[in-house]
Amino acid sequence: MAKGTINVSVENIFPLIKKFLYSDHEIFLRELISNATDASLKLKHLAKLGETKATVEDLKIEVKVDKKGKKLHVIDRGVGMTKEEVEKYINEVAFSGAEEFLAKYKDTAKDAGIIGHFGLGFYSSFMVADKVEILTKSHIEGEDAMHWSCDGSPEFTLEKTDKKKDVGTEIILHIAKDSTEFLEDHRISELLLKYNKFMPIPIKFGTREETLPLPEDADKDAKPEKITVDNIINNPTPAWTKQPSDLKDEDYKSFYRELYPMQFEEPLFNIHLNVDYPFNLTGILYFPKLTTNIDVKKDRIQLYQNQVFITDNVEGIVPDFLQMLRGVIDSPDIPLNVSRSYLQADGAVKKIATYITKKVADKLQSLFKNNREEFEKKWNDIKIVIEYGMLTDEKFYEKAQKFALFPTVDDKYFTFDELKEKVKDLQTDKDNNIVLLYASDAKEQHSYIEEAKNKGYEVLLLDSPIVSHLIQKFEGDNAELSADKKPVKFARVDSDFIDNLIKKDEEQISKLSDDEKNKLKEIIEEVVPKETYTVQLEALDSNSNPFVITVPEFMRRMKEMSQTGGGGFMGMSNFPEMYNLVVNTNNDLMQKILKAKGKKEEYINQALDLARLSQNLLKGEELTKFIKRSFELMK
């Protein structure tokens with residue numbers, strides 16, 4: 001029997017491991033399963049090279065709970081270890097056997113899937129165990145099986161054993177009193193499904209009954225036979241590890257259901273990621289049906305390293321606007337056990353984020369180009385991702401110009417360039433600006449929309465919560481005046497009289513004299529609340545409404561931007577509501593107000609309430625008064 005002291009570079013390494021090495025003790029099982037996977041993949045690779053005679057036909061990893069003996073077993077049929085390898089890889093803490101293997105076989109092991117980053121992984125066992133044993137037999141013929149044991153102190157024992165004759169390694173954890181949760185089957189099953197659901201080697205955890213189908217010629221009273229089979233908890237060949245050419249639409253949908261068993265809606269489409277230069281990355285991203293809520297639950301994309309689950313918090317790895325998607329990203333270039341700040345600063349991670357953005361933009365462009373009709377049908381379900389991406393990612397913004405759509409209230413769809421070309425003749429104002437009219441709610445702003453449509457104008461329907469930010473960006477990027485380019489301005493259709501939104505060279509002449517206008521303004525200001533409305537007289541089309549309530553486009557937009565954050569206008573959302581009351585001096589009602597003796601106030605209040613009603617501002621007691629007054633005026 002050999003005895004010795006584990007060679008460590010710091011004192012009290014085990015308390016350090018137990019308390020500080022990993023933030024979450026449950027990942028010890030992930031580390032042990034990953035090491036067992038490495039050992040199995042190494043053996044497969046050596047067999048492929050003809051460097052071992054060990055069988056690789058039925059490679060699997062087995063996890064067993066011995067509740068009575070308070071032990072947890074992790075067993076593999078991989079390469080195993082010689083006495084010298086145990087001394088080197090186990091007793092020299094932080095020496096990674098996987099990394100040495102990769103260095104030795106770097107020209108042939110590139111695609112072997114060996115994780116190769118663990119080093120201290122085995123010692124995570126001591127976070128939950130007060131004693132750990134290793135039974136191992138190397139694939140090399142003639143080597144003895146070895147038994148290693150350590151009680152959590154720097155001292156170990158290492159001796160030959162006859163207990164284990166099969167090639168491979170068995171780790172036995174004597175679970176500590178403060179970690180007995182890891183002796184519960186449901187807890188181990190939970191961890192295996194969380195971290196190892198897609199590991200490349202089958203993982204057995206107990207057995208299950210399976211009913212065999214009856215043969216076609218079976219007697220009608222025959223009962224199907226039940227057999228006991230291994231309970232394999234993982235899918236060793238998930239869809240993202242396959243080539244896109246080998247998968248059909250149903251395969252992608254089936255994998256989506258495997259990832260999200262409680263999600264009943266099918267995804268709209270998927271994007272298969274597959275790159276091996278300048279970094280390695282595979283994965284599948286799905287576009288689910290999304291609302292216009294930018295606070296939709298994220299943390300739905302799962303991050304893996306060589307099929308080992310790392311996290312579902314992909315902040316810093318996946319661009320923020322794409323975190324509303326779902327799916328899987330797998331890259332051996334992403335470290336397993338590092339801080340979030342490290343990931344965000346890592347150069348390889350930044351390249352991955354750039355690649356994912358490009359891949360998503362290319363897929364969207366392809367969908368738009370190949371089947372625009374279907375793309376338009378999906379627009380309302382995916383627009384929040386695209387609009388958010390255009391706001392936050394300049395490269396995506398540039399690419400999205402080709403497929404981002406602007407829908408109208410009549411369900412027509414235009415790209416930005418198509419829209420400018422469509423409206424430039426009719427919707428260019430006297431200052432040579434192309435004015436793009438839009439509504440945020442087609443029902444509430446219906447009367448304003450109809451006025452604009454009566455003049456032949458197109459009205460967009462822009463109803464996302466970030467529309468104010470987005471149109472601000474479009475206006476800024478299209479503000480230059482050149483020989484072939486007109487500046488672009490957006491105006492919400494209810495922000496003023498339609499003639500004021502797109503001012504032409506011709507101006508309406510007021511039917512009222514200056515004295516009459518002054519008198520009219522004085523009468524109206526005596527009736528309407530000064531703290532809420534600023535009275536503004538305009539000479540407009542005589543068929544236009546007598547009163548219109550507007551919120552100046554700039555003020556309204558800044559308040560909306562303040563509510564969704566950004567723009568340097570934080571706090572404006574708390575400003576009291578202030579409105580312009582635009583009075584059409586050419587409407588016949590103005591003469592009635594000037595000439596009326598006893599009904600001036602009634603006319604003004606009625607016109608004001610009608611204007612308020614069109615802006616959805618008339619409610620409660622004031623609405624009741626309006627209805628009563630309306631009946632009175634009809635008598």
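Taken over the stretch 127-150, residues that are in contact with a Cys (Cβ under 8 Å, 6 or more places away or on another chain) and either β-branched (Val, Ile, Thr) or not in a strand (DSSP E or B) (or both) amount to 1. Taking the stretch 308-324 as the range and being touching a residue at least 60 places away in the same chain (Cβ under 8 Å) and of a type in the set (A, V, I, L, M, F, W, C) as the test, the residues that pass are Val308, Phe309, Phe321, Leu322, Met324. Six or more apart or on different chains, Cβ under 6 Å: which pairs go from a residue in the stretch 406-420 that's among the basic types (Lys, Arg) to one that's outside any loop (DSSP other than H, G, I, E, B)? Could you list them? These pairs meet every condition: Lys420/Ile434. Evaluation of Leu336 against the conditions (1) at pLDDT 90 or above; (2) in contact with a strand residue (DSSP E or B) (Cβ under 6 Å, 6 or more places away or on another chain) shows that the sole unmet condition is (1). For the stretch 430-483, the tally of residues that are over 28 Å from the mean Cα position of the chain (by Cα) and of a type in the set (Val, Ile, Thr) stands at 4.
Take the conditions aliphatic (A, V, I, L, M), part of a loop (DSSP other than H, G, I, E, B), surrounded by 19 or more Cβ atoms within 10 Å (Cβ to Cβ) and at pLDDT 90 or above and apply them to Ala442. Does it pass? Steps first, please.
Values: aliphatic (A, V, I, L, M): yes; part of a loop (DSSP other than H, G, I, E, B): yes; surrounded by 19 or more Cβ atoms within 10 Å (Cβ to Cβ): no; at pLDDT 90 or above: yes.
Taking the combined requirement at face value, the residue does not satisfy it.
For the residues Ile317, Ile284, Ile352, Ile310, the requirement of being within 17 Å of the chain's Cα centre (by Cα), at pLDDT below 90 and within 19 Å of Pro200 (Cβ to Cβ) singles out Ile310. Among the residues making up the stretch 595-624, those that are under 23 Å from Lys521 (Cβ atoms) and among the small types (Gly, Ala, Ser) are Ala596, Gly598, Ala607, Ala611, Ser614. Scanning the stretch 130-144 for residues that are in contact (Cβ under 8 Å) with a residue 60 or more places away in the chain and either charged (D, E, K, R) or touching a strand residue (DSSP E or B) at 6+ places or on another chain (Cβ under 7 Å) (or both) turns up Glu141, Glu143, Asp144. Looking for something part of a loop (DSSP other than H, G, I, E, B), buried (at least 21 other Cβ atoms within 10 Å of the Cβ) and in contact (Cβ under 8 Å) with a residue 60 or more places away in the chain - is there at least one such residue anywhere in the stretch 201-215? So far as the stretch 201-215 goes, yes, one or more of its residues are part of a loop (DSSP other than H, G, I, E, B), buried (at least 21 other Cβ atoms within 10 Å of the Cβ) and in contact (Cβ under 8 Å) with a residue 60 or more places away in the chain. Test each condition in (1) within 26 Å of the chain's Cα centre (by Cα); (2) not in a strand (DSSP E or B); (3) not polar (S, T, N, Q) for Pro407 and report the one that comes out false. Only one criterion in (1) within 26 Å of the chain's Cα centre (by Cα); (2) not in a strand (DSSP E or B); (3) not polar (S, T, N, Q) is unmet by Pro407, namely (2). Being modelled with pLDDT of 55 or more and under 19 Å from Thr161 (Cβ atoms), is that true of even one residue in the stretch 95-106? No, the stretch 95-106 contains no residue that is modelled with pLDDT of 55 or more and under 19 Å from Thr161 (Cβ atoms).
The values are calculated or read from the model by the stated rules, or taken from the named source; none is laboratory data. Everything numeric in this text was worked out from a predicted model, so none of it was measured. Positions of Cβ are backbone-derived with ideal geometry, glycine not excepted, and every protein chain shown enters the neighbour counts.
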